[in-house]
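The values are calculated or read from the model by the stated rules, or taken from the named source; none is laboratory data. None of these values were measured; they are calculated from a predicted model. Cβ atoms come from the backbone with ideal geometry, glycine included; neighbour counts cover every protein chain shown.
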Amino acid sequence: SNGIARFRVPHLETGVYNASLYFRRNKEYRPALFYAYLFVNCDPEYRKGEIPVVKRISKTFEVMRIREKNKRIDLPFLVIEATIEGTVKSVILSYALNGSGRFFKSMIKVDDGKYITYILGNENTKISYEIIFMDKYLIEYVSGKETLIFRRAKESSWSRLILPGLIIVMLIVLLILAGFLQRRMHR
């Protein structure tokens, strides 16, 4: 929480530096105990308005349906879209599935400030993720971490009724046609 940290750093050139302090210098220990920006011989105000900000993160669960021989396979996946205001060099999604190690996936720029990616999973897969992005000075920013559980994407009630409805309509049409043909044969 709020406090003062005092430590030594090697001689640094003028500029802005991204600093992170890890527990016992172990970078594998996440999250870092301390994140900061070091302004060396420059005014912090000169970067005002240049620091990129995540404006919105939207998540949607989708299902990709594929057929393999006579079997239908549903592949649930999560689509993550981030809207970032400001100039960024790269946007990466850092995620873990069911408490596994971290995976990294590039997010694709689809529009001015909009980046998108997807993650495959199964039902009840637990995913925790954060978005990492770098500005034009290659300073790294991290969005807040979020945890979700994959769930089946909701199908509309109409899509579930279409196939049984078509079968019933076809049976009715066949019965009417059979009755009509039987009458013609008896005349």
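Inspect region 156-164 for any residue being assigned to a loop (DSSP other than H, G, I, E, B) and out of contact with any Lys or Arg (no Cβ under 6 Å at 6 or more places or on another chain) and give the result as yes or no. Break it down into steps so the answer makes sense when it comes.
We begin by selecting, within region 156-164, every residue assigned to a loop (DSSP other than H, G, I, E, B); these are 156.
When the remaining residues are screened for being out of contact with any Lys or Arg (no Cβ under 6 Å at 6 or more places or on another chain), the result is 156.
Yes, because at least one residue in region 156-164 is assigned to a loop (DSSP other than H, G, I, E, B) and out of contact with any Lys or Arg (no Cβ under 6 Å at 6 or more places or on another chain).
Do we have any residue at all in region 42-60 that's assigned to a strand (DSSP E or B), at pLDDT 75 or above, β-branched (Val, Ile, Thr) and more than 19 Å from the chain's Cα centre (by Cα)? Steps first, please.
Step one: filter region 42-60 for residues assigned to a strand (DSSP E or B), giving 53-60.
Checking the rest, the ones that are also at pLDDT 75 or above come to 53-60.
Those left that are additionally β-branched (Val, Ile, Thr): 53-54, 57, 60.
Checking the rest, the ones that are also more than 19 Å from the chain's Cα centre (by Cα) come to none.
There is no residue in region 42-60 that is assigned to a strand (DSSP E or B), at pLDDT 75 or above, β-branched (Val, Ile, Thr) and more than 19 Å from the chain's Cα centre (by Cα).
Counting just the residues of region 117-163 that are more than 15 Å from the chain's Cα centre (by Cα) and of a type in the set (Ser, Thr, Tyr), which one comes out modelled with the lowest pLDDT?
My answer is Ser156.
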